[in-house]
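Data block below; observations after.
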Amino acid sequence: MSKLVAIIGATGPQGGSVLKTLYASGKHKLRALTCNPDSSIKALVAKYPGIELGQADLDDASSLCKAFDNVDTAFGMTDYYALMQKEQFKQDKGVVDAAINAGVKMLVYSGMDSMTVLSGGKYTNCVHFDNKHNIEEYLNSKSDAIGGFVIYLGCYMETT
């Protein structure tokens with residue numbers, strides 16, 4: 001039987017790319033997650049027949065655990081610009097913790113390097129980068145409970 005992969009952000013550029021690629025492979029069952037069931041996620045059903053739809057409030061641990069029920073692998077990311085600073089780390093930590101509590105075996109996380117670390121402390125106001133780095137460290141600290149993998153994508157996925 002195919003493994004079930006849950007994808008946070010399936011309607012966006014990153015999660016949408018994960019969904020498109022895994023769907024094309026035909027090797028996985030897929031669950032597209034959204035915080036808003038009335039969002040454009042419904043269009044994904046027509047585009048990708050057979051995928052599951054799931055609702056997940058990234059601020060609610062029980063909602064996340066339910067979304068991760070029977071999931072083998074999850075793709076996780078949050079939107080810094082929608083959340084800003086402190087809330088992003090809180091949501092990302094919640095994703096890691098819920099995945100562990102639900103028994104997810106592997107979490108692929110969209111991360112970034114810390115500008116504070118890379119610059120030797122010269123640039124300390126790149127909160128988005130530092131938050132992503134902090135959650136990567138948190139995920140790595142949980143390696144006894146979940147396989148954690150972090151991917152770094154370019155800041156500019158396309159130019160116009």
Handout entry: CD proxy at 222 nm, helix term only [per DSSP H run n ≥ 4: -39500 (n - 2.57); per residue of the chain; nearest 500]
Key = -12500 deg cm²/dmol
Problem - Total formal charge among the other residues, if their Cβ is under 14 angstrom from that of residue 5, Lys/Arg +1 and Asp/Glu -1 - result: +3
Handout entry: Dipole magnitude of the stretch 1-147, debye to nearest 20 (Cβ charges: Lys/Arg +1, Asp/Glu -1, about Cα centre)
Key = 480 debye
Handout entry: Residue among 18, 91, 150 farthest towards the positive dipole end of the chain, charges placed on Cβ
Key = 18
Practice task
Extending each Cα 7 Å along its Cβ direction at residue 45 and residue 101, get the distance between those two points in nm, one decimal.
Solution key: 2.8 nm
Fill in the blank from the handout: Ordering 118-127, 52-61 by per-residue average of other C-beta atoms within 10 angstrom, highest first, gives 52-61, 118-127
Fill in the blank from the handout: Per principal axis, largest first, the Cα atoms of the chain extend in Å by 49, 43, 27
Practice task
Could you work out the relative contact order of the chain, using alpha carbon pairs under 8 angstrom and six or more residues apart, expressed as a whole percent?
Solution key: 19 percent
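Just so you know, all these numbers are worked out from the coordinates, no wet-lab data involved. Source: prediction; values computed, not measured. Positions of Cβ are generated from backbone atoms using ideal geometry, with glycine treated the same way; all protein chains shown enter the neighbour counts.
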